[in-house]
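Enquirer: Please find one structure pasted underneath; my questions will follow.
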Amino acid sequence: MFEETRKKTYKIQTIHPDPVYNNVVVSKFINHVMRKGKKDVAKKLVYSAFSDIKEKTKKDPVETFETAINNVSPDMEVRSKRVGGATYQVPMKVNRKRAVSLAMRWIIGTAKKKKGKPMDENLYEEIVSASKNEGEAVKKKETMHKMAKANKAFAYLAK
């Protein structure tokens, strides 16, 4: 009698690893940096930042980048949930994929906010400081964790 309606399923696109470092996460980062479809500009910015990391810190840029991503990616976040007439901030675990995406977004966002220097230098500074567990992006993660801890009382609303 009734037809069952289901949500449309979407095919998840596979992202190919970048040609220089052969890493999928770096390729995703380039895609996050990209604006208005200008991938070559984004590649130049990211590769320039990575070469600065290699020259100035004498460490592997991909390792430094991955530690930065791990340091910035949040474990918990708060989501708004409406119960009755009130809206509660409910702490929830963050999916790994979303955590990495948030970390990239925060690193790029904090690099963009800094003025006076080229974007590649700002990216370099933010990645290095995040790998040392300092910097604006790490502060953002800690703020999110504090909010989740403060709203622990509403954890029973999470489903």
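No lab work stands behind these numbers, since they all come straight from the coordinates. This is a predicted model, so every value here is computed, not measured. Neighbour counts run over all protein chains shown; Cβ positions are idealised from the backbone, glycine included.
Enquirer: Take the chain, compute every pairwise Cα distance, and split them into 5 Å bins from 0; I just need the percent in each bin.
Expert: 2, 8, 15, 18, 16, 12, 11, 8, 6, 3, 1, 1, 0, 0
Enquirer: Using θ = phi - 60° and the Karplus form 6.51 cos²θ - 1.76 cosθ + 1.60, what ³J(HN,Hα) does each residue of segment 10-17 get, whole Hz, x for Gly and Pro?
Expert: Once θ is set to phi - 60°, the couplings for segment 10-17 become 10, 7, 7, 6, 8, 9, 7, x Hz.
Enquirer: Any idea what the relative contact order of the chain is, in percent, if you count C-alpha pairs under 8 Å spaced at least 6 apart?
Expert: It comes to 24 percent, rounded to a whole number.
Enquirer: So what J values fall out for segment 81-87 if you push phi through Karplus, 6.51 cos²θ - 1.76 cosθ + 1.60 with θ = phi - 60°, rounded to Hz, Gly and Pro as x?
Expert: 9, 8, 10, x, x, 9, 10
Enquirer: Based on the Kirkwood radius over alpha-carbon pairs, what is the Stokes-Einstein translational diffusion coefficient of segment 10-72 at 4 °C with 1.567 mPa s viscosity, in µm²/s?
Expert: My calculation gives 104 µm²/s for D.
Enquirer: Starting from the amide H of Val90, placed 1.01 Å from N in the peptide plane, find each other amide H under 5 Å away whose residue is 5 or more places distant or on another chain.
Expert: Counting only residues 5 or more places away or on other chains, the set is Arg79, Ser80, Lys81.
Enquirer: Between Lys146, Lys56, Lys44, where does the largest GNM mean-square fluctuation fall for the chain, given springs only between Cα atoms within less than 10 Å?
Expert: Comparing Lys146, Lys56, Lys44 in a Gaussian network model of the chain, the most mobile one is Lys56.
Enquirer: Just going by the charge dipole of the chain, with Lys and Arg at +1 and Asp and Glu at -1 on Cβ, which of Ala130, Asn22, Ala99 is farthest out on the positive end?
Expert: The Cα lying farthest towards the positive end belongs to Ala99.
Enquirer: Starting at the first residue of segment 38-50, write each ³J(HN,Hα) from the Karplus equation 6.51 cos²θ - 1.76 cosθ + 1.60 with θ = phi - 60°, in whole Hz, x for Gly and Pro.
Expert: Using θ = phi - 60°, the values come out as 8, 6, 4, 5, 4, 4, 4, 4, 5, 5, 5, 4, 5 Hz.
Enquirer: Given charges of +1 on the Cβ of Lys and Arg and -1 on the Cβ of Asp and Glu, with all other atoms neutral, how large is the dipole of the chain about its Cα centre, in debye to the nearest 20?
Expert: The calculated dipole for the chain is roughly 680 debye.
Enquirer: Collect residues whose amide H, placed 1.01 Å from N in the peptide plane, falls under 5 Å from the amide H of Asn23; neighbours closer than 5 in sequence don't count.
Expert: Asp18
Enquirer: Quote the Stokes-Einstein diffusion coefficient, in whole µm² s⁻¹, for segment 33-108, based on the Kirkwood radius over alpha carbon pairs, a temperature of 10 °C and a viscosity of 1.306 mPa s.
Expert: Answer, rounded: 107 µm²/s.
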